[in-house]
1. How many residues does region 285-308 hold that are closer than 20 Å to Val334 by Cβ and either of a type in the set (D, E, K, R) or surrounded by 13 or more Cβ atoms within 10 Å (Cβ to Cβ) (or both)?
2. Do any strands (runs of 3 or more DSSP E) lying entirely in region 316-407 carry at least 3 residues that are open to solvent by 20 Å² or more (accessible area, probe 1.4 Å) and over 30 Å from Trp289 (Cβ atoms), and which ones are they?
3. Anything in region 364-387 that is out of contact with any strand residue (DSSP E or B) (no Cβ under 7 Å at 6 or more places or on another chain) and either closer than 27 Å to Thr329 by Cα or in contact (Cβ under 8 Å) with a residue 60 or more places away in the chain (or both)? List them, or say none.
4. When Ala265 is evaluated against the numbered criteria (1) within 24 Å of the chain's Cα centre (by Cα); (2) of a type in the set (A, V, I, L, M); (3) at pLDDT below 95; (4) open to solvent by 20 Å² or more (accessible area, probe 1.4 Å), which criterion, by number, is the only one it fails?
5. Can you pull out every residue in region 274-284 that is part of a loop (DSSP other than H, G, I, E, B) and open to solvent by 40 Å² or more (accessible area, probe 1.4 Å)?
6. Which of the numbered conditions does Lys178 fail, given that it passes all the others? Conditions: (1) touching a strand residue (DSSP E or B) at 6+ places or on another chain (Cβ under 7 Å); (2) free of Cβ contacts under 8 Å to residues at least 60 places away in the same chain; (3) closer than 20 Å to Val233 by Cβ; (4) open to solvent by less than 50 Å² (accessible area, probe 1.4 Å).
7. I'm checking my understanding of the structure. Among residues of region 89-123 that are of a type outside the set (Lys, Arg) and open to solvent by 50 Å² or more (accessible area, probe 1.4 Å), which one is farthest from Lys57 (Cα to Cα)?
8. Do we find a residue being closer than 18 Å to Ser362 by Cβ and either among the β-branched types (Val, Ile, Thr) or surrounded by fewer than 19 Cβ atoms within 10 Å (Cβ to Cβ) (or both) anywhere in region 19-31?
Amino acid sequence: MLLRLIVSIMLSALAWCAATAQDQAPPAWTPELMMKIKAVGNVQVSPDGKQVAFTVKQAVVDGNRSEYLTHIYLAPTDGSHVVPLTTGDKSCDDPQWSPDGKWIAFLSSRSGRKNLWLVEPTGGPPTQLTDVRTAVSSYRWAPDGRSIAFVAKDAPTAEEIEALRAKNDAKVVDLNPKMNRLYVIPVTTPPKLQTEPRLLTKENRSIGGGLMRLGRAPFDWSPDGSLLVYAHVKTPAANDWTTADLAVVELATGTVRSLVATPAAESQPHFSPDGKWIAYVSGDQPPSWAGKGRIHIISVSGGTPRALADTADDFGRYSELLGWSADGTAVYYVEAAGTSLRVLAMPLDGPPRVLNSGAGMSLGGVALNTNRTHFGYGWETVDRPPEVMVAAADHFRPVQVSRIHQEFIAPLLGKTELVHWQGKDGL
């Protein structure tokens, strides 16, 4: 009798909560309501897997101000306590942990241009690390944490600056393009501003090819920190992505050598944990705008590349190579499967296997931490706004870290379901 009474009370409470939520829900979607949805991305798990840094992008509409503002937040991977790591009226983005977990680097234009900054996970004022005249577009910590490699565009010449001052600012598209170049700077303890970065790529080609969004560098460090492998293109012009090839630069001497140069577009290079191999993505020959590709591996010394299991029918649909497994026996990548994103492991010998399950999408991408033990990503579904998720690489069981939209109540949503049919071509 008592059990029945308890069950009855619980069901009544649930029904009351559902009715109350429905009463409080807005009657319909409006532009103002949509602006309350926050973008969660750049989810970076600390090297020890105990903390996670991530960004929250939200609309700020206040008086004459109307813009999006991004800041970095920090939390234990169990989501017990989320705190802001950066504040202010300038966005801070692309957080990356130092290999020892003592610092977090990020990009911000709080100094006027987008530069590198460092902040301790425990808080405190950030320190500006670079002062480039254009903007830092991507970067990576060296494995020993003593330096950072980054990409920045060529600065305008004295003649171009003078022409701009004289209002003689007419431009011819793709004429005299500014190259993206690779630099390296030391990181001291305590950190301080580095005004003269060392230029590594002096040749007349541009760093890039493949993914160039925040958190995705077109280059990678060797485990011993002696080499950098990078993708480069003829120019940064939109149509020149098809010219992407791979090269390696030696840090000690600055010597550059070609690694892969074919009619296909090569991109997304990643060193193996032992430093003997480089995984990368090679597209169609000749390159097509469909963006299909296949994962290859090649010896760091060069030679004939080897294609892994055939991914040509899958890789290229919002696909990205994430990096190697900790034991070096597989590489991780993501791909769009219908309307959902899948995380997969591709063994060096054998077919790929899917790690995650369930419908959803990560518009900010998936990131593998420095020690290759955890994935971090923002996850959303057709009826739930994005939240931060963390999953261990050896047993993919996602844990929700953030509650960014806990107080958000959406209007009544229509039912969404997938419809499948077969076309005349068999697809």
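The values are calculated or read from the model by the stated rules, or taken from the named source; none is laboratory data. Owing to the predicted nature of the structure, the values given are computational and were not obtained by experimental measurement. All Cβ positions, even for glycine, are placed from backbone atoms using ideal geometry, and neighbour counts span all protein chains on display. Just the protein is used for accessible areas: all its heavy atoms, side chains included, with ligands, DNA and RNA removed. Shrake-Rupley method; radii C 1.70, N 1.55, O 1.52, S 1.80 Å.
1. Summing the residues that are closer than 20 Å to Val334 by Cβ and either of a type in the set (D, E, K, R) or surrounded by 13 or more Cβ atoms within 10 Å (Cβ to Cβ) (or both) in region 285-308 gives 8.
2. Ranges flagged: 384-392.
3. Asn371, Pro385
4. (4)
5. Asp274, Lys276, Asp284
6. (4)
7. This residue is Asp100.
8. No; the residues of region 19-31 include none that is closer than 18 Å to Ser362 by Cβ and either among the β-branched types (Val, Ile, Thr) or surrounded by fewer than 19 Cβ atoms within 10 Å (Cβ to Cβ) (or both).
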